Amino acid sequence: MKIKNLKFKIKPRYFPQEIEPYWQKVWKEQGIYKFSPASHKASRGKYYNLVELPYPSGDLHFGHWFSFVPADAHARYKRMSGFNVFFPNGFDAFGLPAENAAIKRGVHPKDWTMKNIENMTKQFGTMGTMIDWNFTAITCLPEYYRWNQWIFLKMFEKGIAYRGKALSNWCPVDQTVLANEHIENGCCWRCGAEVIQKEVEQWFLKITDYADKLIWSENSRVVDRQPRFSNDARSSFPKKQSQTRSLSESLSSNFKNKPNKSATAFNSSQSELTPSDQNNQSSINNQQSAVDWPKEVREGQNNWIGRSEGMLLEFKIGEAKASIEVFTTRPETTDGATFLVVAPEHEFVTSLLNIKDKISNIKYKGILEYVGGAKKKTEMERKEDRTKSGIFSGAYVKNPVTGKDIPVWVSDYVLAGYGTGAIMAVPYADERDREFAEKFDLPITETKFNAKPKGKKRVNYHLRDWSVSRQRYWGTPIPIIYCHNCWESKLKIKNEKLKIEYGRTYIEMDGQEYAMVQVPLEDLPIELPYDVDYTPKGKPPLGTDEEWLNVKCPKCGGPAKRDAETLDTFFDSAWYYYRYVSPKYEKGPFDKLRVKELLPVDVYFGGAEHTVGHTLYARFFTKFFKDLGLVPFDEFASKRVQHGVILGPDGNRMSKSRGNVVSPDEVVKEYGTDASRLYLCFMMPYEATAPWSTSAISGIYRFLKRVWDLQYEIKNKKLNIKNGLSKEDLSQMHIAIKKVGEDLENFHFNTAVAALMTWLNFLSAKKEIAKEEYETFLKLLSPFAPHITEELWHSLNPSDNSIHLESWPKFDSKYLVADKVSVVVQINGKVRDSIKIKNQKSKIKSYVEEEARKSGKVKRYLEGKEIKKVIYVEGRIINFVI
RNA sequence: GGGCGAGUGGCGGAACGGUAUACGCGAUAGUCUCAAAAACUAUUGACCGUAAAGGUCUUGAGAGUUCGAAUCUCUCCUCGCCCACCA
């Protein structure tokens with residue numbers, strides 16, 4: 001494709017503000033970044049380059065630039081290397097900020113969001129990326145969330161989506177659940193009432209069903225994110241035992257924590273993943289077997305899932321038939337259990353308070369007070385308060401091993417949501433239990449670690465089921481209808497057994513019984529009504545819209561009610577990268593064939609904050625889709641790359657309240673897009689966190705000006721464009737080609753730019769420069785600075801294609817070696833001299849040794865000394881041990 | 001408390017068993033200029049040598065392995081991120 005309408009008048013001064021918008025417009029008109037799914041058959045294969053989709057907060061900030069720009073440079077490099085690169089983007093458009101803004105400023109969440117999307121899309125334009133916006137997803141549009149609802153119904157059918165109860169932040173005055181960010185100092189942000197923890201019924205996704213599948217096994221491919229040292233032992237599995245044990249470990253684990261025998265199970269087979277030179281890159285693409293996620297993510301997720309195997313033990317209450325069930329990972333210590341501790345929310349405590357006449361009044365008050373206090377504690381307060389607190393319940397249970405009666409205590413150091421909400425305390429063996437025992441003067445008896453109590457084996461997870469319903473307006477409506485008539489007519493009788501049997505599709509609300517009826521797939525989407533009072537009113541906003549709420553039951557036609565809650569936005573973002581491949585697809589959430597063609601994602605860029613949130617949910621959805629037969633692979637992304645953070649110039653996180661926000665718009669206005677892009681790539685390693693530096697970007701700007709001036713001089717014949725290249729010229733060029741390419745391949749953007757600077761320093765110092773050098777330089781720079789390179793490319797070759805359609809230059813190893821190598825001479829490991837040796841002769845140790853001995857400095861050190869040993873590393877170093 | 005990671009010039013960082021401080025910023029001196037900015041040139045880890053030559057030290061602290069360690073091992077210190085009473 002030829003680019004027409006070229007103006008190639010050479011301007012003496014680099015003026016990015018003029019050329020950048022020009023080329024952005026030309027690229028758009030010419031469609032040079034259009035992705036065609038079919039064309040990868042002719043190329044080296046597809047390459048799905050994905051960046052976490054942004055939330056449309058209003059303005060693009062440097063956080064966005066830092067996620068997208070290096071990712072774009074990588075994508076451009078991949079494209080020039082012959083891959084059919086798919087680089088889409090969209091917006092994660094539902095969520096609380098829109099509602100907050102709406103309440104604060106009186107703008108409708110939808111209008112606010114869509115306006116932000118429009119603005120940010122424009123701002124994306126100035127970033128100069130190769131994103132193809134024909135493939136996109138905006139999650140707040142019915143054409144997208146329709147498929148959220150579809151997926152939700154599939155999950156409901158499979159029993160993955162269910163109604164359950166969990167503790168939530170509750171405002172007793174507003175009668176509503178509160179988000180953490182809506183709690184200020186333990187009080188509701190609107191009415192100021194004290195927030196309590198309350199059991200609230202809500203929708204859950206049974207992610208725990210997939211817990212085992214989500215654990216990264218030791219057998220999964222483990223590669224350092226940036227495999228610089230392919231045969232280095234450091235990239236093998238960690239020797240220290242992490243908190244979460246792997247499956248095999250857990251099976252064989254015992255209380256004494258045997259050393260992990262499988263620690264050395266693998267550490268080889270990495271060479272093929274070492275980034276590739278130009279000839280073997282394609283082999284790792286599109287193969288599910290090569291899953292390469294950073295260690296910190298894999299271990300973070302495994303710890304979060306927290307699989308532990310143990311036992312359920314029953315402790316009988318006195319002589320009664322009732323008992324308290326505890327979960328323990330160390331049943332062999334049961335002989336040392338001297339008391340039980342239950343969570344304040346435990347049903348034993350609740351029932352205790354219901355039969356208050358059986359215990360003394362004072363005691364009852366104390367327990368009631370303690371439980372009430374615990375419920376008031378927000379998560380933050382519990383974190384701050386590290387001293388153990390608790391109260392004796394007045395009850396005793398029988399230790400099943402010793403037969404002794406032991407007291408039952410209530411304490412909030414036991415969590416209601418984990419295990420059974422009750423533990424047996426073994427103060428002899430457990431530090432927390434000992435601390436508690438010492439504080440309340442409870443007995444500590446030795447355990448022999450060989451008790452064998454009777455109980456059921458049980459696997460427990462730290463991971464909880466995912467609560468997905470929200471009492472908010474700006475989200476996906478849940479496609480369930482509650483019908484009283486269906487329940488009555490279907491079952492005719494009220495029968496407790498049936499209720500249990502049909503529990504999954506039966507619900508009680510406000511004293512009424514309902515059947516849960518799915519919205520038929522053909523009725524989707526259930527559109528979010530526009531005119532709704534979304535200010536907090538004691539119930540979910542959609543619950544106030546009677547017209548929308550009351551519907552005919554799709555089953556019986558009788559009066560029924562919609563579910564008034566909306567889905568967590570993490571639901572939206574758990575599968576958007578599937579929608580990207582076929583955004584207009586009508587027959588399902590995505591085109592299965594297209595997905596098979598383009599997924600898994602080859603590289604997924606994003607922030608470290610999503611280690612145990614978003615990326616885990618996305619993996620969960622993928623495994624669910626696989627079970628539905630929608631996708632043929634287990635992992636949605638073959639590689640994950642996490643970036644760091646750009647801080648404000650003062651070293652703090654950029655925030656409006658600190659007044660340290662650097663705006664991309666202004667930096668672009670002053671230095672241009674290319675300088676901003678290059679700066680972000682250059683200033684620090686991609687995964688690092690470092691402050692913005694205004695003076696450093698002016699240095700980058702200087703670099704681009706020098707690139708520009710090189711051209712100016714060529715055109716004015718100040719420099720001759722010669723044809724022949726010296727060996728040194730060739731060597732410098734091929735070193736740069738190799739270094740920049742490998743660094744782009746491995747996400748070492750900063751050193752790639754440094755290599756370009758080094759080569760420019762070399763080129764600038766020369767009297768003459770070759771056209772080949774100049775063109776190669778522009779190509780190597782083009783992924784970072786697409787505008788200036790395009791402009792200069794066309795001023796040199798006015799009728800040519802876009803530089804971005806050129807191929808990546810190839811290096812030839814034969815140019816990488818210089819004529820002479822310098823060999824460092826060491827005496828006992830200390831550098832004393834450096835000698836030049838002809839390349840061919842550097843292979844001969846005796847020759848190098850002889851040359852080294854000739855050096856005056858070396859002579860002085862060797863005089864009168866006995867040489868024990870001479871170590872020679874070819875072409876690098878010679879060490880005399882004396 | 002747990003997990004993960006990081007400590008290298010004045011600053012961002014490079015090197016990841018083989019010449020530590022690449023590249024950039026900043027700083028100093030010079031050229032140009034009425035002057036400034038910009039640009040260009042030179043110097044720039046510390047110390048001794050007031051110049052040159054030369055030497056000594058230096059990658060958070062200490063030990064170890066090695067002919068050779070910023071890099072590998074151990075102990076300790078500091079900082080960052082994530083999670084947090086997980087039985």
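Shown in residue order for region A:840-850 are the 3J(HN,Hα) couplings computed by the Karplus curve 6.51 cos²θ - 1.76 cosθ + 1.60 at θ = phi - 60°: 5, 7, 5, 7, 9, 4, 4, 5, 5, 4, 4 Hz (x for Gly and Pro). Each residue of region A:625-637 was assigned a 3J(HN,Hα) from its phi angle through the Karplus curve 6.51 cos²θ - 1.76 cosθ + 1.60 (θ = phi - 60°); the sequence is 4, 5, 5, 7, x, 8, 9, x, 10, 8, 10, 7, 10 Hz, with glycine and proline shown as x.
I'd like the distance separating the alpha-carbon centroids of region A:720-784 and region A:139-206, in whole Å. So the two Cα centres are separated by 56 Å. Region A:439-483 and region A:599-613 have Cα centres separated by 27 Å. Neighbours of A:GLU773 by Cβ distance under 12 Å: Lys/Arg scored +1, Asp/Glu scored -1, total -1.
Restriction of the GluC sites (Glu not before Pro) in region A:800-882 to DSSP coil positions whose beta-carbon has at most 11 other beta-carbons within 10 angstrom yields A:GLU863, A:GLU866. Taking a straight Cα-Cα cut-off under 18 Å and skipping sequence neighbours fewer than 8 places away in the same chain, the aspartates and glutamates within cross-link reach of A:LYS213 are A:GLU249, A:ASP292, A:GLU299, A:GLU309, A:ASP465, A:ASP627, A:ASP634, A:GLU635. Using a Förster distance of 60 angstrom, determine the FRET efficiency expected from the C-beta separation of A:ASP819 and A:GLU184, and round it to 0.05. Using R0 = 60 Å, I get an efficiency of 0.25. A simple packing score, the average count of other Cβ atoms within 10 Å per residue, orders the peptides A:696-707, A:735-746, A:815-826 as A:735-746, A:696-707, A:815-826, with the highest score first. Any idea what the dipole of region A:681-801 comes to, in debye rounded to 20, about its Cα centre with Lys/Arg Cβ at +1 and Asp/Glu Cβ at -1? Computed about the Cα centre, the dipole is about 520 debye.
Please compare each pair in A:LYS722/A:LYS810; A:LYS722/A:LYS843; A:LYS321/A:LYS365; A:LYS78/A:LYS669 to a cut-off of 32 Å on the Cα-Cα distance and tell me which ones are over it. Beyond 32 Å: A:LYS722/A:LYS843. Distant-in-sequence amide contacts of A:ILE877, defined by a placed amide H-H separation under 5 Å and a gap of 5 or more residues or a different chain, comprise A:VAL824.
With a simple spin-label model that places each label point 7 Å from the Cα along the Cα-to-Cβ direction, the separation between A:LYS363 and A:ILE444 comes to 2.7 nm. Each part gets one Cα centre, and for region A:79-110 versus region A:802-866 those centres are 55 Å apart. From most to least packed by mean Cβ count within 10 Å, the peptides A:751-764, A:677-690 give A:677-690, A:751-764. Working ranking of peptides A:653-666, A:613-626 by packing, defined as the average number of other Cβ atoms within 10 Å per residue, highest first, is A:613-626, A:653-666. Excluding same-chain neighbours fewer than eight residues apart, the aspartates and glutamates reachable from A:LYS868 by a Cα-Cα span under 15 Å are A:GLU849.
In this structure, the amide hydrogen of A:SER81, modeled 1.01 Å from its nitrogen in the peptide plane, lies closer than 5 angstrom to those of A:TRP808, counting only residues at least 5 positions away or on a different chain. Taking amide hydrogens as placed 1.01 Å from N in the peptide plane, the amide H of A:VAL397 sits under 5 Å from those of A:GLY318, A:ILE406, A:VAL408, each at least 5 positions away in sequence or on another chain.
Values in this text are rule-based calculations from the coordinates and carry no lab data. Being a predicted model, the structure only gives us computed values, none of them experimental. A quick note on method: Cβ atoms are made from the backbone with ideal geometry, for glycine too, and the neighbour counts reach across all protein chains shown.
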